[in-house]
Structures are given as structure tokens and as C-alpha cells.
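Participant: A single structure is presented below for examination.
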Amino acid sequence: MNELFQKIGDIVNKNSKFLIVAHKNPDGDAIGSSLAFYSVLKEMGKVVYVENPTDVPSLYKFLDDYDKIEPISNNKDVDVVIAVDTAEIDRCGIDKNYAKDKVFINIDHHKTNTMFAKINLIDSNAAAVGCILWDLFVYNKFPISKKTALYLYVSIMTDTGSFRYASTSPKTMRIAADLIEKGVNPWFAAYNIYESRKLKTLKLLGLVLNTLETYYDGKLAIEYVTQDMFKKTDTYIENTEGFVNFARSVRGAEVGVLLREDEPNYFKISMRSKDKVDVSKAAALVFGGGGHKNAAGGQIKGTLGEVREKIIEAFSFLA
Ligand SMILES: [Mn+2]
């Protein structure tokens with residue numbers, strides 16, 4: 001690890017123009033770690049761009065630099081491209097030809113990472129990419145300002161489910177403590193992300209909770225959201241952030257699944273497990289890969305009925 005930290009540190013010190021990218025439909029880790037790297041490089045006086053294939057979800061618009069995130073262009077004149085929280089190159093939209101003559105760095109914690117870059121810093125034990133970045137910045141004595149600390153904190157808080165998941169280690173807590181010492185207000189972060197939901201988002205949640213069903217003696221809980229529900233409540237895909245956790249929270253359920261109809265008969269599937277069950281195995285069966293032990297997902301075509309059948313089948317090992 002230290003060798004890679006050194007190598008990436010040298011690259012950062014030697015070069016002047018950078019592009020940061022992360023996976024589409026970004027979550028708190030993708031946004032937080034993108035902005036953390038962005039602000040560190042900015043404060044070091046570098047030219048930095050930050051891009052994402054998807055607009056920033058409104059949930060994260062309380063973060064200072066959210067409006068610096070531009071659509072993927074594949075045309076910025078930079079020396080170094082850094083992908084964070086991105087398991088496969090397609091997920092960030094960076095073109096291989098564009099990256100060819102640049103230093104391409106991949107920093108991630110998905111164990112399914114395809115090592116698509118020239119330099120791959122992958123730590124599947126890290127609770128969030130924010131933890132890896134903290135290590136990288138501290139090792140290289142890069143400045144972590146109060147602003148950067150908040151971005152890292154948001155990355156770690158969201159990817160650990162507010163420090164609840166098994167991935168939360170003593171080290172995770174020590175990093176969080178350091179970030180709080182650097183000026184992060186935990187309530188400010190939690191308030192903006194968990195305690196300021198839009199009314200229409202909660203109305204949508206009501207519709208989704210009404211669809212909850214359990215299978216295999218209650219071990220599998222499935223809920224869904226349809227295009228019709230989005231229309232009825234004037235909501236969008238981004239309003240479903242965190243909904244899958246309600247399926248998992250059913251007492252006795254080992255796995256919770258959300259079927260989200262992103263386009264007619266085209267579903268995004270999110271799978272979450274409480275503890276022992278490895279949902280990335282079910283994801284491999286259905287989509288051919290994608291995710292962590294306790295959180296995985298992918299996309300699948302079909303009617304709601306067909307998609308639900310496939311998912312139930314993929315978890316037949318729960319029977
Ligand atoms: Mn992540």
C-alpha cells in the first residue's frame with residue numbers, strides 16, 4: 001500500500017492538470033471522494049476538473065463544490081485522470097482512447113474492481129473510498145482543510161450507513177474522529193443527508209413500503225418502485241436513495257431488495273444483506289457481477305413480474 005501511496009503522491013506533486021471522475025448515479029462516497037480529491041488538488045494550486053456521467057443528486061447540493069462537477073466530456077486537457085469508487089471503467093464514462101496518453105489512476109474499494117487503469121489502488125477492506133483517500137493524503141502530507149474533511153466525512157458516513165455496517169472498523173472511527181477534529185460538524189452532515197427529506201420523497205417511500213413482500217420464510221424482502229409511482233408523486237430515480245434499507249430492515253429478513261423501474265420494463269436492482277449473506281453472489285447470477293458482500297446491484301430488462309421471479313430465484317439458496 002505505502003508504495004502505491006508514494007507513487008500516487010509523486011504523480012500528484014509532479015503534474016499540474018488533473019481530472020477526477022466517479023461512477024454514474026453517484027452516491028455519497030462517489031461525490032464525497034471526488035470533491036475531496038478536487039479540493040485537495042485545488043488547495044495545492046493545481047488545475048483540476050471534476051466530472052460525472054450523472055447530475056449531482058440534490059441530496060448532496062449542500063456541499064460547497066457540488067457545482068464544480070461537470071458532465072463527462074472526454075476532452076479535458078489534463079496530465080492525470082483519477083477515477084474514484086468506480087469498479088469498471090464503463091461506470092465512469094471515461095473513454096479508453098482519451099485516457100491512453102494520460103496517467104490513469106483508479107482508487108476503489110469494490111472487490112469486483114477490474115483494475116482498468118495504469119495505477120490501481122484497491123483496498124476492499126476500506127469502508128469507503130474516503131478512508132483510502134484519508135490514508136493517501138496523510139501519507140503524502142497533503143493538506144486536509146475543513147472543507148476536504150467534510151467531503152471525506154460524507155463519503156465515509158454514507159458508505160458505512162452512518163457507521164453501522166460491519167465495514168466500520170476502529171480505523172474508520174479514528175479517521176472520523178480526525179475529520180471532526182479538523183472541523184467537521186457531524187450533525188451538519190447528518191442533518192443534510194438524513195433529516196431533510198422532501199415531502200414528496202416520503203410520499204414515494206409510502207407507496208414503495210406498501211409493495212413489501214417476503215419470501216423464503218421471511219429471509220428475503222422485496223419492494224419495488226414503478227414509473228407510475230414516480231409520476232404520481234412527481235419524483236425521480238434520485239429520490240429513492242436509501243429506500244432499499246427499509247426492505248432489509250424487516251425483522252427476520254437477511255436480504256432486502258429494491259426493484260426500481262428506471263425506464264419502462266428496465267429495472268435497477270439494489271440488494272442489501274444484514275450480515276452473513278453475500279449478495280454479490282446473487283448479483284453475479286443475475287447480472288454477471290457487481291458489488292460488495294453486503295451491497296450489490298445491477299440492471300435487468302423485463303416486466304416487473306419477470307424481474308421479481310429472477311431475483312427470487314437468484315436467492316433460492318436462502319430456502
Ligand atoms: Mn463506495
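Bear in mind that the values in this text are calculations on the coordinates, not laboratory data. All values derive from a computational prediction rather than experimental measurement. Cβ atoms come from the backbone with ideal geometry, glycine included; neighbour counts cover every protein chain shown.
Participant: Mind pulling the angle between the C-alpha long axis of helix 146-159 and the longest principal axis of the chain? Nearest 10 degrees, somewhere in 0 to 90.
Facilitator: 30
Participant: Can I ask one more? Under the rule a/c < 1.5 gives rounded, and otherwise a/b versus b/c splits prolate from oblate, where does the range 152-207 land using the Cα gyration tensor?
Facilitator: Working: a/c = 4.38, a/b = 1.82, b/c = 2.41.
Because a/c hits 1.5 or more and a/b fails to exceed b/c, the range 152-207 counts as oblate.
Participant: Cut-off is 10 Å between beta-carbons; in what order do 134, 187 appear when sorted fewest neighbours first? Before the final figure, lay out each step's value.
Facilitator: On the way: 134 28, 187 9.
Listed from fewest to most nearby Cβ atoms, that is 187, 134.
Participant: Going toward the positive end of the dipole of the range 199-318, with +1 on Lys and Arg Cβ and -1 on Asp and Glu Cβ, which of 267, 220, 302 do you reach last?
Facilitator: The one lying farthest along the dipole's positive direction is 220.
Participant: Can you tell me the length gained on complete extension of the stretch residue 17 to residue 303, counting 0.36 nm per residue apart and subtracting the Cα distance? Please report the intermediate quantities before stating the final value.
Facilitator: Numbers: separation 286, 0.36 × 286 = 102.96 nm, distance 4.62 nm.
That works out to 98.3 nm of additional length.
Participant: Taking the dipole about the Cα centre of the chain, with the C-beta of Lys and Arg at +1 and of Asp and Glu at -1, give me whichever of 52, 128, 184 is farthest to the positive side.
Facilitator: 184
Participant: Dipole magnitude of the chain about its Cα centre, charges +1 at Lys/Arg Cβ and -1 at Asp/Glu Cβ only, in debye to the nearest 20? Before the final figure, lay out the partial values.
Facilitator: Details: 41 positive and 41 negative charges, 80 e Å.
So the magnitude is around 380 debye.
Participant: Helix 199-209: angle to the longest alpha-carbon principal axis of the chain, degrees 0 to 90, nearest 10?
Facilitator: Rounded to the nearest ten degrees, it is 50.
Participant: Based on the Cβ-Cβ distance from residue 195 to residue 101, what FRET efficiency comes out when R0 is 51 Å, to the nearest 0.05?
Facilitator: Working: r = 46 Å, r/R0 = 0.90.
Efficiency, from the Cβ-Cβ distance: 0.65.
Participant: Is the C-alpha gyration tensor of the range 160-259 telling us rounded, prolate or oblate? Criteria: a/c under 1.5 is rounded; beyond that, a/b larger than b/c is prolate, otherwise oblate.
Facilitator: On the way: a/c = 3.58, a/b = 1.45, b/c = 2.46.
Verdict is oblate for the range 160-259.
Participant: At what distance in angstrom do the alpha carbon centres of the range 181-231 and the range 4-25 lie from each other?
Facilitator: Value for the Cα centre distance between the two parts: 34 Å.
Participant: Report P(r) for the range 10-53: all Cα-Cα distances, bin width 10 Å, range 0 to the bin holding the largest distance, values in whole percent.
Facilitator: P(r) over the range 10-53, rounded to whole percents: 30, 51, 19, 0.
Participant: What are the lysines whose alpha-carbon lies under 30 Å from the alpha-carbon of residue 310, with same-chain residues fewer than 8 places away excluded?
Facilitator: Here the lysines satisfying the reach criterion relative to residue 310 are 24, 111, 203, 219, 231, 232, 268, 274, 276, 281, 293, 301.
Participant: So, one more: Starting from the alpha-carbon convex hull of the range 199-318, give the projected area averaged over all orientations, in nm². Write out the running numbers ahead of the final one.
Facilitator: Details: hull surface 26.1 nm².
Orientation-averaged projected area of the Cα hull: 6.5 nm².
Participant: Give me the dipole magnitude in Debye, nearest 20, for the range 1-159 about the Cα centre, with unit charges on the beta carbon: positive for Lys and Arg, negative for Asp and Glu. Could you put the intermediate results ahead of the total?
Facilitator: Working: 18 positive and 22 negative charges, 78 e Å.
That gives the range 1-159 a dipole magnitude of about 380 debye.
Participant: Okay, next question. Give the peptides 4-10, 254-260 in descending order of average Cβ contacts within 10 Å, highest first. Show your work: numbers first, answer last.
Facilitator: Values: 4-10: 15.4, 254-260: 24.4.
With the highest mean Cβ count within 10 Å placed first, the list reads 254-260, 4-10.
Participant: How high is the relative contact order of the range 199-318? Use alpha-carbon pairs under 8 Å, at least six apart in sequence, and give a whole percent.
Facilitator: Values: 234 pairs, mean separation 23.8, N = 120.
Computed value for the range 199-318: 20 percent relative contact order.
Participant: Over all directions, how big on average is the projection of the convex hull of the alpha-carbon atoms in the chain, in square nanometres? Spell out each step's value before the answer.
Facilitator: Details: hull surface 62.3 nm².
For the chain, the mean projected area of the Cα convex hull comes to 15.6 nm².
Participant: Need the C-alpha centroid separation for the range 31-69 versus the range 260-283, integer Å.
Facilitator: 28
Participant: Please say if the range 1-86 is rounded, prolate or oblate, where rounded means a/c under 1.5 for a ≥ b ≥ c the square roots of the C-alpha gyration tensor eigenvalues, and otherwise the choice is prolate for a/b larger than b/c and oblate otherwise? Walk me through the numbers before you get to the answer.
Facilitator: Values: a/c = 1.77, a/b = 1.56, b/c = 1.13.
Taking the square roots of the gyration eigenvalues as a ≥ b ≥ c, the range 1-86 is prolate.
Participant: For the pair residue 6/residue 188, report the inter-label distance in nm, with labels modelled 7 Å from Cα in the Cβ direction.
Facilitator: The answer from the label model is 3.7 nm.
Participant: Label 7 Å along Cα→Cβ of residue 70; the range 2-38 residues with amide nitrogen under 20 Å?
Facilitator: Flagged as within label range: 15-26, 31-38.
Participant: Work out the FRET efficiency for residue 228 and residue 276 from their Cβ-Cβ distance, taking R0 = 30 Å, and round it to the nearest 0.05. Display every interim value, and only then the final one.
Facilitator: Working: r = 36 Å, r/R0 = 1.19.
For R0 = 30 Å, the calculated efficiency reads 0.25.
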